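For reference, the structure is listed below as structure tokens.
Rule-based calculations on the coordinates, nothing more; no lab input. Just so you know, these numbers come straight off a predicted model, no measurement behind them. Positions of Cβ are backbone-derived with ideal geometry, glycine not excepted, and every protein chain shown enters the neighbour counts.
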Amino acid sequence: MSYAVSTRGEAKASFAEAVRRGLAPDGGLYLPGAFLAAGSGARTGDAHPDARPQTRHRDGGDSPPDPFVATARRMGHQILGDEGRPWLDAVVQAALDFPTPLIRVEEGLHLLELFHGPTLAFKDVGARFLARSMAALDRVAPESDAPMATPRTVLVATSGDTGGAVADAFHGVPGHRVVALFPRDGISERQRRQMTTLGGNVQALAVEGTFDDCQRLTKEAFADEEVRVARRLTSANSINLGRLLPQTFYYGRAAEQLPEGPAPTWIVPSGNLGNLCAGLLAARVGVPATGFVAALNRNRVLLEYLETGEVHPGPSVPTPSTAMDVGDPSNLERIRALHDDDVASLAQEVRAHSVGDEATYAMMERMEREHGSFVDPHTAVGLVAWERAGRPRPAVVLATAHPAKFPEQVRRATGREAPLPDRLAAVLKRPEHQVSMGSDYADFRRFLLDDGEGS
């Protein structure tokens with residue numbers, strides 16, 4: 001069976017082909033084919049013999065790797081099979097060189113800290129894996145008909161943390177050019193600077209519009225065959241399977257760190273729904289899960305789908321949790337495909353709660369006052385959703401970004417500043433380079449074709 005299958009049922013591809021294409025030719029999103037087969041994979045709450053894997057080298061050596069690396073290797077080989085054998089171990093070792101600690105908040109409640117990578121956000125996991133996978137696949141499975149003298153253009157639309165993570169992951173990687181689109185007035189200064197201060201093969205585009213406009217522009221570019229071929233386009237958003245797949249790994253690592261006992265409920269701050277989709281995939285390869293709670297801000301497309309069975313995308317609503325301000329979440333298509341578009345089936349696995357701005361700020365203030373911990377607004381949405389879901393225990397809330405990336409929100413909520421990590425302080429001192437652009441595709445198309453071939 002082909003490894004990757006489009007959610008729309010027509011296009012099939014190897015993992016290498018799926019990574020390079022980003023979006024399937026039929027307009028769908030790629031998923032591992034076995035996950036779309038009826039009855040395949042572990043379902044939520046099912047036991048699995050590898051649910052708490054051993055941390056040993058695959059070659060049986062006595063010197064164990066870093067626990068996160070060991071878990072990622074095991075899960076990656078389990079999902080990719082023979083296709084990953086020539087390159088996966090080295091990619092995981094190079095990409096995942098930072099921890100994902102599980103922090104106890106109180107009895108039965110943990111935060112999974114996913115912000116210890118280079119850009120202080122969970123997106124570092126997927127972006128670094130993708131960048132190194134692309135380089136490895138070019139060596140072991142080169143494109144037979146590719147104009148290799150032309151750099152591959154990596155398109156990424158971001159509502160906050162994705163752009164910085166992708167820009168950092170691909171910065172200086174030979175043969176790749178990054179074009180990162182962000183809403184000009186829709187992200188924090190510190191998030192913006194993580195894209196605009198790199199230079200070199202990274203180009204940052206400040207779009208006059210919303211994240212949904214940025215996402216639309218990238219999708220139109222992929223549908224434009226002339227642009228796609230001439231610039232060897234690929235995506236680094238979570239529409240790319242190579243970005244999504246490694247996000248399953250930290251679910252597996254978190255499960256290993258939990259005390260023995262019942263499977264946890266996973267509380268997932270959700271915008272474009274990639275993190276939630278990765279959790280559903282992780283459950284299907286054996287990561288213990290009692291269920292999932294999608295923690296939404298005032299952008300409620302998933303909640304409305306669960307309540308009505310209908311999808312009504314619309315303009316994104318600005319909130320303090322900016323990276324979740326998504327009015328047309330791409331990964332909902334994958335999530336629906338996993339459940340054969342059966343909303344009743346999905347509702348058995350996923351609940352959703354929408355959290356308002358004031359509740360977000362109130363939770364940030366409570367965490368600092370009661371626990372002495374700063375949390376970013378996205379994690380705060382997750383904590384509120386945990387309470388509204390009835391405080392299930394054990395529960396793991398995904399802490400998706402370092403609070404220092406959101407100084408205005410932290411200051412408003414707590415009256416104080418979160419400590420500034422050295423790597424973020426350095427970014428604030430560098431000059432910025434960005435291009436301003438409207439939200440019309442013709443202008444973006446001209447930029448891609450006329451702006452040379454990148455660095």
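Around residue 124, what is the net charge, scoring Lys/Arg as +1 and Asp/Glu as -1 over all other residues with Cβ under 14 Å from its Cβ?
With Lys, Arg at +1 and Asp, Glu at -1, the net is +2.
Grab the beta carbon distance between residue 98 and residue 220, set R0 = 56 Å, and tell me the FRET efficiency rounded to 0.05.
0.95
Compute the Cα gyration tensor for the stretch 323-447, then decide on rounded, prolate or oblate, letting a ≥ b ≥ c be the square roots of its eigenvalues: rounded whenever a/c is under 1.5, prolate when a/b is larger than b/c in the other cases, and oblate in all that remain.
In terms of gyration-tensor shape, oblate.
Counting Lys and Arg as +1 and Asp and Glu as -1, what is the net charge of the other residues whose Cβ lies under 14 Å from the Cβ of residue 368?
+1
Would you kindly compute the Cα radius of gyration of the stretch 346-393 and its largest Cα-Cα separation (Dmax), both in Å?
11.6, 37
If you average 1/r over all unlike Cα pairs in the chain and invert the result, what Kirkwood radius do you get in angstrom?
21.9
Apply the a/c threshold of 1.5 to the C-alpha gyration tensor of the stretch 160-255 and tell me whether it is rounded, prolate or oblate.
Rounded shape, in that the Cα axes give a/c under 1.5.
Arrange the peptides 263-272, 239-248 so that the one whose residues have, on average, the most other Cβ atoms within 10 Å appears first.
Packing order, densest peptide first, comes out as 263-272, 239-248.
What lysines does residue 429 reach when the alpha-carbon gap must be under 29 Å and sequence neighbours fewer than 8 apart in one chain are set aside?
Excluding near neighbours in sequence, the set is 123, 405.
Mind checking which lysines have their Cα closer than 22 Å to the Cα of residue 12? Skip sequence neighbours fewer than 8 apart in that chain.
In chain and number order, the partners are 219.
Find, among the GluC sites (Glu not before Pro) in the stretch 271-312, those assigned to loop by DSSP (not H, G, I, E, B) with at most 13 other beta-carbon atoms within 10 angstrom.
Loop-located and lightly packed - 310.
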